[in-house]
Amino acid sequence: MKHTDTSVASIQSWLKRNIDAPRYRHTMGTYAVAMKLAKRHGANERKTALAALLHDAGRMFFSPKAMIAYIREHGEALPAHRELSTGLLHAAASAAIARAVFGVRDRTVLDAIRRHTTGGKNMSLIAKIIYIADVLDPSRGLPHTRGLLKKAMRDLNDALIDTVRISIDYVMRQRIFLAPGSLEFYNSLIRSRR
């Protein structure tokens, strides 16, 4: 069912019906952080809000098989690493939901949703904001959150370097697949400092 109302309240209502309570809390925390960063760094607030609210909509599917079917059904490109985890697949499923359910066509919004887990080179300001807001959501209870948010308010790219490093370290400690986009993102941030 397609929703023509893409207001924050309408999307929140849809999310409450379609994702579990902890994921909803995380989404709202991500949204709050993203909006602070958008205001501070001059990003388009409407686009940032859409991307933040819909970034984890694909978590409504609990199996990779269901995610892959939905992604294919709605014409979203499957990531090359799709078979490896729902953690990586959900970004494509979320972009498919943004397009199919909410009619989102804006490339910047869809790209921010697609890349919020792995990052990648040449990310837009909104994509960077969604990536870091996803990690810095206070409901995650991560120890580095407060310091990195303060840093992100001052220098987004500098805070992103630390955030990507923490994410890569976590993936490596878990001994799970490290998406190539994460390394590309880290390297692109380092190059931009020169």
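The values are calculated or read from the model by the stated rules, or taken from the named source; none is laboratory data. All values derive from a computational prediction rather than experimental measurement. Quick reminder, even Gly has a Cβ in these numbers, built from the backbone with ideal geometry, and neighbours come from all protein chains shown. Calculation scope for accessible area: heavy atoms of the full protein, side chains included, ligands and nucleic acids excluded. Shrake-Rupley method; radii C 1.70, N 1.55, O 1.52, S 1.80 Å.
Do you know which residues across region 1-12 are assigned to a helix (DSSP H, G or I) and either at pLDDT 95 or above or not small (Gly, Ala, Ser) (or both)?
8, 11, 12
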_Boolean, residue 144 is at pLDDT below 95 and surrounded by fewer than 16 Cβ atoms within 10 Å (Cβ to Cβ)_ = yes
*Assess whether residue 182 counts as being under 22 Å from residue 57 (Cβ atoms), modelled with pLDDT under 95, among the polar types (S, T, N, Q) and more than 14 Å from the chain's Cα centre (by Cα).*
no
*Which condition breaks for residue 32 when tested against (1) in contact with an Asp or Glu (Cβ under 6 Å, 6 or more places away or on another chain); (2) open to solvent by 10 Å² or more (accessible area, probe 1.4 Å); (3) small (Gly, Ala, Ser)?*
(1)
*Filter region 139-194 down to residues that are assigned to a helix (DSSP H, G or I), aliphatic (A, V, I, L, M) and without any contact (Cβ under 8 Å) to a residue 24 or more places away in the chain, then give me how many there are.*
5
*Would you confirm whether any residue within region 81-93 is over 25 Å from residue 187 (Cβ atoms) and at pLDDT 90 or above?*
yes
*From 46, 40, 59, which residue is in a helix (DSSP H, G or I), touching a helix residue (DSSP H, G or I) at 6+ places or on another chain (Cβ under 7 Å), open to solvent by 40 Å² or more (accessible area, probe 1.4 Å) and under 18 Å from residue 99 (Cβ atoms)?*
59
*asked:* Could you go through region 80-103 and let me know if any residue there is closer than 21 Å to residue 61 by Cβ, open to solvent by 20 Å² or more (accessible area, probe 1.4 Å) and either in contact with a strand residue (DSSP E or B) (Cβ under 7 Å, 6 or more places away or on another chain) or among the acidic types (Asp, Glu) (or both).
replied: yes
_With the structure loaded, tell me whether residue 75 is out of contact with any strand residue (DSSP E or B) (no Cβ under 6 Å at 6 or more places or on another chain), under 20 Å from residue 53 (Cα atoms) and small (Gly, Ala, Ser) or whether it fails that test._
no
